[in-house]
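Heads up, the thing below is written out as structure tokens.
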Amino acid sequence: MKNKFQKIRAEFLEKLKTVSDVGGLRELELQYLSRKGELSSLMHELKDLSVDMKKELGALANNIKNELETTFNEVKDQLDKLSVKNALVDITVPGVEPVHGHLNPITIIQREMEDIFSSLGFTIFDGPELESDYFNFTALNIPPFHPARDMQDTFYVDSKNQDGDLDLVMRTHTSPVQIRAMRKLGAPLKVVVPGRCFRNEATDARHEHTFYQFEGLVVGENINFANLKSLLELVGKKLFGPNTKLRMRPKFYPFVEPGNNGEYTCFLCNGQGCRVCKNTGWLEIVGGGLVHPDVLRAGGLDPEKYSGLAFGFGLTRLAMLKYGVTDVRLFNSGDLKFLEQF
Ligand code: PHE
């Protein structure tokens, strides 16, 4: 029995050396020192011994018990102190600032435009980037084989519609959403459509196969050219400042009649002529016009009753002008040195 006590002592002390956390300590306590632990159980057996043996072994058992408890408590104290020390935080040390992402400049401009038009009561509307040939061209008064298709070459996706036509294209502009909006919302309506567009272009500093537009459509009774002009004037002032002027020049787009090109006085030189406006004093930014009757019809509306105005801003171009970006390809380049400047 003496040996058994010695054995428990040796085992306990050995294990105690390897304990490194409070959990391990608790296990040891349960196994050896608790009321049902090995030491107590063995001490319990003392009662069957002779008086002399009880005396001798009882003393030994008590010594061992005291020794083990004392060492146990010492180790426990040390571990407690260590965990308190580890948990201490020096609140005077400056924190590690998390790395924030930020918005792409095109998104910044898009949100600015959305704010302007929301404040004027426009709804923000969305449409698919992979569009049917019908919505992208035909419904916008650009039938197959019409030369106007040459203005906007795109990527044709190799899949067929029910009639076996190759019908899916990457949309070349946000204008197909005009048709979708009219069909979905009916008249009267006021929507803007920000979105990504695609064209089959040889890319250079001013051309990119992927770019962003910002479309607008207003349909109602008696919508006229003066409405278009005053709206674009107002937006120009909000975008570039109160002295901004608008100039409209005729331009052909099959889906508007009359159609025009909208130019604002250059915000950098106030119309004097500079590098940004190529010395013309004007910046070409928005195409627009009055919605063609065929387009209203394709949208399910009666052109005898309703008329509309439509416009399309080059959002990518706006971002280039606003931030003085000289190469359009930078926007989608993933080049952090460029992107982190905004
Ligand atoms: N969709 C035309 C373009 O891509 C812009 C436009 C929109 C013109 C609406 C007139 C009306 O260039």
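Can you confirm whether region 296-303 contains a residue that is more than 29 Å from the chain's Cα centre (by Cα), within 16 Å of the ligand (Cβ to nearest atom) and in a helix (DSSP H, G or I)?
yes
Which ones in region 257-279 are more than 17 Å from Gly314 (Cα to Cα) and either touching a residue at least 24 places away in the same chain (Cβ under 8 Å) or not in a loop (DSSP other than H, G, I, E, B) (or both)?
First, pick out the residues of region 257-279 that are more than 17 Å from Gly314 (Cα to Cα): 257-258, 268-275, 278-279.
Answer for region 257-279, where residues must be more than 17 Å from Gly314 (Cα to Cα) and either touching a residue at least 24 places away in the same chain (Cβ under 8 Å) or not in a loop (DSSP other than H, G, I, E, B) (or both): Glu257, Pro258, Asn270, Gly271.
From the set of residues in region 192-248 that are crowded, with 19+ Cβ neighbours inside 10 Å and among the acidic types (Asp, Glu), which is modelled with the highest pLDDT?
Here the answer is Glu215.
Can you find, within region 136-152, the residue that is farthest from the ligand (Cβ to nearest atom) among those that are aliphatic (A, V, I, L, M) and surrounded by fewer than 18 Cβ atoms within 10 Å (Cβ to Cβ)? Before the answer, list the steps.
Filtering region 136-152 for residues aliphatic (A, V, I, L, M) gives 139-140, 142, 148, 151.
So of that shortlist, the ones also surrounded by fewer than 18 Cβ atoms within 10 Å (Cβ to Cβ) come out as 148, 151.
On the way: Ala148: 11, Met151: 8 Å.
Per the criteria, the residue is Ala148.
Mind telling me which of the residues Gly271, Gly287 ends up being surrounded by 15 or more Cβ atoms within 10 Å (Cβ to Cβ) and within 10 Å of the ligand (Cβ to nearest atom)? Quick ask: steps written out before the conclusion?
Numbers: Gly271 fails: within 10 Å of the ligand (Cβ to nearest atom).
Residue meeting the stated conditions: Gly287.
Restricted to region 238-252, and to residues that are closer than 16 Å to Gly287 by Cα and either acidic (Asp, Glu) or part of a loop (DSSP other than H, G, I, E, B) (or both), which residue is nearest to the chain's Cα centre (by Cα)?
Lys245
To keep it simple, each residue is scored yes or no on (1) within 14 Å of the ligand (Cβ to nearest atom); (2) more than 30 Å from the chain's Cα centre (by Cα); (3) under 27 Å from Ile106 (Cα atoms).
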position	(1), (2), (3)
Val157	no, no, yes
Thr172	yes, no, yes
Val177	yes, no, yes
Glu221	no, yes, no
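Return yes or no: is Phe338 out of contact with any Cys (no Cβ under 9 Å at 6 or more places or on another chain), more than 16 Å from the ligand (Cβ to nearest atom) and within 22 Å of Val193 (Cα to Cα)? Before you say what the answer is, go through the steps one by one.
Working: out of contact with any Cys (no Cβ under 9 Å at 6 or more places or on another chain): yes; more than 16 Å from the ligand (Cβ to nearest atom): yes; within 22 Å of Val193 (Cα to Cα): no.
So Phe338 does not fit the description; no.
Identify, from the list Thr71, Thr92, the residue that is under 60 Å from the mean Cα position of the chain (by Cα) and farther than 30 Å from Gly23 by Cβ. It would help to see each step written out before you state the result.
On the way: Thr71 fails: farther than 30 Å from Gly23 by Cβ.
When all the criteria are applied, what remains is Thr92.
Within region 19-40, can you find the residues that are loosely packed, with under 14 Cβ neighbours inside 10 Å and at pLDDT below 85? I'd like the intermediate steps shown before the answer.
At the first step, the residues of region 19-40 found to be loosely packed, with under 14 Cβ neighbours inside 10 Å are 20-23, 26-27, 30, 34-36.
Of everything in region 19-40, those that are loosely packed, with under 14 Cβ neighbours inside 10 Å and at pLDDT below 85 turn out to be Ser20, Asp21, Val22, Gly23.
Regarding region 204-213, can at least one residue be identified that is of a type in the set (S, T, N, Q), within 22 Å of Arg317 (Cβ to Cβ), within 16 Å of the ligand (Cβ to nearest atom) and not in a strand (DSSP E or B)?
Residues of region 204-213 that are of a type in the set (S, T, N, Q), as a first pass: 210, 213.
With within 22 Å of Arg317 (Cβ to Cβ) added as a condition, the list becomes 210, 213.
The next check asks that each one be within 16 Å of the ligand (Cβ to nearest atom); those that pass are 210, 213.
The next check asks that each one be not in a strand (DSSP E or B); those that pass are none.
For region 204-213, residues of a type in the set (S, T, N, Q), within 22 Å of Arg317 (Cβ to Cβ), within 16 Å of the ligand (Cβ to nearest atom) and not in a strand (DSSP E or B): absent.
So, in region 179-193, how many residues would count as being assigned to a strand (DSSP E or B), in contact with a helix residue (DSSP H, G or I) (Cβ under 8 Å, 6 or more places away or on another chain) and more than 13 Å from the ligand (Cβ to nearest atom)?
Kept after step one, since they are assigned to a strand (DSSP E or B), are these residues of region 179-193: 189-193.
Checking which are in contact with a helix residue (DSSP H, G or I) (Cβ under 8 Å, 6 or more places away or on another chain) leaves us with 189, 191-193.
Keeping just the survivors that are more than 13 Å from the ligand (Cβ to nearest atom) gives 189.
Total meeting the criteria: 1.
Evaluate the following for Tyr253: is it closer than 30 Å to Ile179 by Cα, more than 9 Å from the ligand (Cβ to nearest atom) and assigned by TED's automatic domain parsing to the domain that holds Asn141?
Working: closer than 30 Å to Ile179 by Cα: yes; more than 9 Å from the ligand (Cβ to nearest atom): no; assigned by TED's automatic domain parsing to the domain that holds Asn141: yes.
Spelling it out, it is not the case that Tyr253 is closer than 30 Å to Ile179 by Cα, more than 9 Å from the ligand (Cβ to nearest atom) and assigned by TED's automatic domain parsing to the domain that holds Asn141.
What helices (runs of 4 or more DSSP H) completely inside region 1-115 contain at least 3 residues that are in contact (Cβ under 8 Å) with a residue 24 or more places away in the chain and within 30 Å of Pro194 (Cβ to Cβ)? Break it down into steps so the answer makes sense when it comes.
On the way: elements: 2-18, 22-28, 38-44, 51-87.
Per the criteria, no element qualifies.
When region 107-140 is examined, which residues are found to be among the hydrophobic types (A, V, I, L, M, F, W, C) and closer than 16 Å to Val235 by Cβ?
Taking region 107-140 and keeping what is among the hydrophobic types (A, V, I, L, M, F, W, C), we get 108-109, 113, 116-117, 120, 122, 124-125, 130, 135, 137, 139-140.
Listed by number, the residues that qualify are Ile109, Met113, Ile116, Phe117, Leu120, Phe122, Ile124.
The values are calculated or read from the model by the stated rules, or taken from the named source; none is laboratory data. Predicted model only: the values in this text are computed from it and were never measured. Counting neighbours? That spans all protein chains shown, and the Cβs are built from the backbone with ideal geometry, glycine included.
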